[in-house]
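Visitor: Pasting in a structure now, in structure tokens, and then I'll have a few things to ask.
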Amino acid sequence: MSQFSDGIFQFGVAGFAFFNPEKQTTALQVATGLAVLLLPYSILGPFVGVFIDRWSRRQILMIAPLVRGVLLVTAAVLVAAGAPDAAFYAAALGVLAVNRFFLAALGASLPHVVPADRLMAANAVTPTSGTVATFIGVGVGFLLRDIFGAGPGGVALLLVTSGVVFMLSALVARTMERSLLGPSYDPERPQAREEVRNVLVGLIEGARHLAQHRVAAATMGAMATHRFLYGMATALGIILYRYYFTDGDAEQALKGIGLVVATSGVGYFLAVFLTPWATARFTVERWVPMALVAAGVLTGVLVAPFQEWGLPVAGFVLGIAGQSVKICADTMVQRDVEDVYLGRAFSIYDMLFNGMYVLAAALSAAILPANGKSYLALAIIVIGYLVGALIYRLVTRRLAVGSPPPTSAAPR
């Protein structure tokens, strides 16, 4: 329910920021919009981990939706009243800051409800089904935009709808027992106030712990590589549809991007079934570079003609490959990292997940031409995936030397 709501919210924000018929959109504006929407995840990440490792995660899943619902209604009022864009983005920042707690609590909770030997299957089903729900929310947002209109009033109604649905997810969380999702009690753990003062120290400790589990760290690095290149592909696609394929027609551009989102959602869904099978057959250490290579090669082949048909197919490919890598990264972190470090590990994870995306959008702003057609950007994407696959394979292969063959994390 929460991620379905998030799809409606993200569509409303994207329509307001990138596909508003009254505004011109440049690569720099795309980068700025993505930075505003994603930086809270990176900035708050270290602090979130401190509390996720101490507060009842079930309570976070109850309280965060209520707070976010109130903030979404506030954002809707600002839009309807014609407030400056800065005020709207400030409210959006608050919404996403609260969501950071919610998603981190979900990630750290999974090992408490799923046996260790079933984590791969759980990570295929749980986050991916949430992502598919987000895509469905985007589709519903698209339909509601036709009903409500593309103006400020329509955006406001989208935000209110998202807020109401998100608050309902608190009722689902309430059905769980308060201590079910952890964290595990540790009498040696410092108080939260003391730990906040030492956030950087905690991050360093989490990074050191990850460094001792190098397959998990390497898989997280592969995920970060994908997110950087996917961020470039996103900026490229938005500008291409806005100006190269549609000659500046915002509504047609939005429909084109909507198709790419839909095909990506199908890819995410198929990754639910493909990833457990593939990791059981090839192991995580082999499947991750295979997914990265496929993403790089096929994206290059599909996008290089710069024809409109190629982008939805490329979106499908990146949906499968990217979600496969993410499932593997989630599983390796949850399987190998001790529970007391999980919150901090996922904070680092999320800093990379969102920070790399924003960094890629910033690079895109520097190199993309006004109409988006850039062979340089496409070459960076293709080569980046191939180099990322090679480095990952070299790192994990070196770790395996002198050790027994790696076992699959897929359910036995």
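Visitor: Could you work out the local net charge near L240, counting Lys and Arg as +1, Asp and Glu as -1, over the other residues with Cβ closer than 15 Å to its Cβ?
Guide: Numbers: positive: R242, K255, K373; negative: D247, D249, E308.
Net of charged neighbours comes to 0.
Visitor: With no solvent and one point per C-alpha, what does the Debye sum give as log10 I(q)/I(0) for segment 79-172 at q = 0.11, 0.15, 0.22, 0.25 Å⁻¹?
Guide: Taking Cα atoms of segment 79-172 as identical point scatterers yields -0.45, -0.76, -1.24, -1.38.
Visitor: Additional query: Go through segment 344-400 and name the trypsin sites (Lys or Arg not before Pro) that are in a DSSP coil and have 16 or fewer other Cβ atoms within 10 Å of their Cβ.
Guide: On the way: sites: R344, K373, R393, R397, R398; in loops: K373.
Passing both the DSSP loop test and the Cβ count: K373.
Visitor: If you take the square roots of the eigenvalues of the alpha-carbon gyration tensor of segment 260-304 and sort them as a ≥ b ≥ c, do you get rounded (a/c under 1.5), prolate (a/b over b/c) or oblate?
Guide: Note, shape of segment 260-304 comes out oblate.
Visitor: Over all pairs of distinct alpha carbons, what does the Kirkwood formula give as the hydrodynamic radius of the chain, in Å?
Guide: 21.7 Å
Visitor: I'd like the distance separating the alpha-carbon centroids of segment 117-181 and segment 262-276, in whole Å.
Guide: 18 Å
Visitor: OK, next. What Kirkwood hydrodynamic radius do you get for segment 52-134 when you take the inverse of the mean 1/r over all pairs of distinct Cα atoms, in Å?
Guide: 14.6 Å
Visitor: Now for a different question. Hey, fewest Cβ within 10 Å first, where do W287, W277 land in order?
Guide: Details: W287 23, W277 12.
Exposure proxy ranking, most exposed first: W277, W287.
Visitor: Most mobile of A250, A87, A97 per a Gaussian network model of the chain (Cα springs, under 10 Å)?
Guide: For the chain, modelled as a Gaussian network with Cα springs under 10 Å, the answer is A87.
Visitor: With a point put 7 Å past each Cα toward its Cβ, work out how far L180 is from A87 in nm, to one decimal.
Guide: 4.1 nm
Visitor: Okay, moving on. Ordered by packing density, taken as the mean number of other Cβ atoms within 10 Å over each peptide's residues, highest first, how do 227-235, 72-80, 266-274, 208-216 rank?
Guide: 227-235, 72-80, 266-274, 208-216
Visitor: Sticking with this structure for a sec: How much length is gained if the chain between I391 and V70 is pulled fully straight, taking 0.36 nm per residue apart and subtracting their Cα-Cα distance, in nm to one decimal? Please list the in-between numbers first.
Guide: Values: separation 321, 0.36 × 321 = 115.56 nm, distance 4.50 nm.
Contour length minus the Cα-Cα distance gives 111.1 nm.
Visitor: What is the order of M220, M351, fewest Cβ neighbours within 10 Å to most?
Guide: Working: M220 25, M351 19.
Least to most surrounded, the residues fall as M351, M220.
Visitor: In addition: Where in the chain lies the longest segment free of GluC sites (Glu not before Pro) that are both loop residues by DSSP (not H, G, I, E, B) and have at most 16 other Cβ atoms within 10 Å?
Guide: In short, 23-176.
Visitor: Here is a follow-up. Which value in deg cm²/dmol, rounded to the nearest 500, describes the helix-derived mean residue ellipticity at 222 nm for the chain, given -39,500 (n - 2.57) per DSSP H run of n ≥ 4 and division by the residue count? Mind showing how you got there, number by number?
Guide: Working: 14 runs with 324 residues, N = 412.
About -27500 deg cm²/dmol.
Visitor: Build a GNM of the chain with springs between Cα atoms under 10 Å: which of L119, L318, L259 gets the top mean-square fluctuation?
Guide: L259
Visitor: With the crude spin-label approximation of a point 7 Å out along Cα→Cβ, what separation in nm comes out for R214 versus A379?
Guide: Rounded to a tenth, the inter-label distance reads 3.3 nm.
Rule-based calculations on the coordinates, nothing more; no lab input. Not measured: the values here are computed from a predicted model. Every residue, glycine as well, gets a Cβ built from its backbone with ideal geometry; the counts of neighbours run over all protein chains shown.
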